[in-house]
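K.L.:
Structure incoming, see below.
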């Protein structure tokens, strides 16, 4: 009868593999630099495979090698996602940089249209109050006031509308005026 005895074959490589795999997983979760996890994750894959092979040849436990292999593959997956996000984001930013004048033109046209329509938007904030509210964990109370006036004067009808939205930290006031001739 042949009795198999368990040995510690592959355990040292498995420990190195799991340390590298955990390090790469932590790096993979850091925004914008998660792709740096590719190097320790690749090393972890190598050490994990060596650990599994040594454990198979020496009747050792393969659990540590398999665990580090799974964690390192997950790290590689996350790092590749970061590379994809950065790869897709750079052309978009370059395109926005090339067409910044179009964005400025759009803003100027929007402002002109609002002025032509006699619509004025005014936003006032009190950053100190807002900061204190967020630190205290309190929420703003919201008050919305709408005023609409219709005036008739010498064959012209004038309509004024004012919408005021007030919170504890921000006041938004939208005014619109319209004149029509009869």
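K.L.:
How much FRET efficiency would the formula 1/(1 + (r/R0)^6) give for residue 80 and residue 12, where r is the Cβ-Cβ distance and R0 is 35 Å, rounded to 0.05?
P.N.:
0.75
K.L.:
Let a ≥ b ≥ c be the square roots of the eigenvalues of the Cα gyration tensor of the range 11-98; is it rounded (a/c under 1.5), or, if not, prolate (a/b larger than b/c) or oblate?
P.N.:
Working: a/c = 4.65, a/b = 3.71, b/c = 1.25.
Since a/c reaches 1.5 and a/b is larger than b/c, the shape of the range 11-98 is classed as prolate.
K.L.:
Suppose each label sits 7 Å from its Cα in the direction of the beta carbon; what would the residue 19-residue 92 distance come out to in nanometres?
P.N.:
Label at residue 19, label at residue 92, 3.9 nm between them.
K.L.:
Treat each spin label as a single point 7 Å out from the Cα along the C-beta direction, and report the residue 173 to residue 108 distance in nm.
P.N.:
Inter-label distance under the simple model: 2.9 nm.
K.L.:
Further question: If you average the sequence gap of Cα pairs under 8 Å that are 6 or more apart and divide by the length of the range 11-98, what percent do you get for the contact order?
P.N.:
38
Quick note: the coordinates plus some simple rules give every number you see, no bench work behind them. Note that the structure is predicted; figures quoted are calculated from it, not measured. No Cβ is skipped: glycine too gets one built from the backbone with ideal geometry, and neighbour counts run over all protein chains shown.
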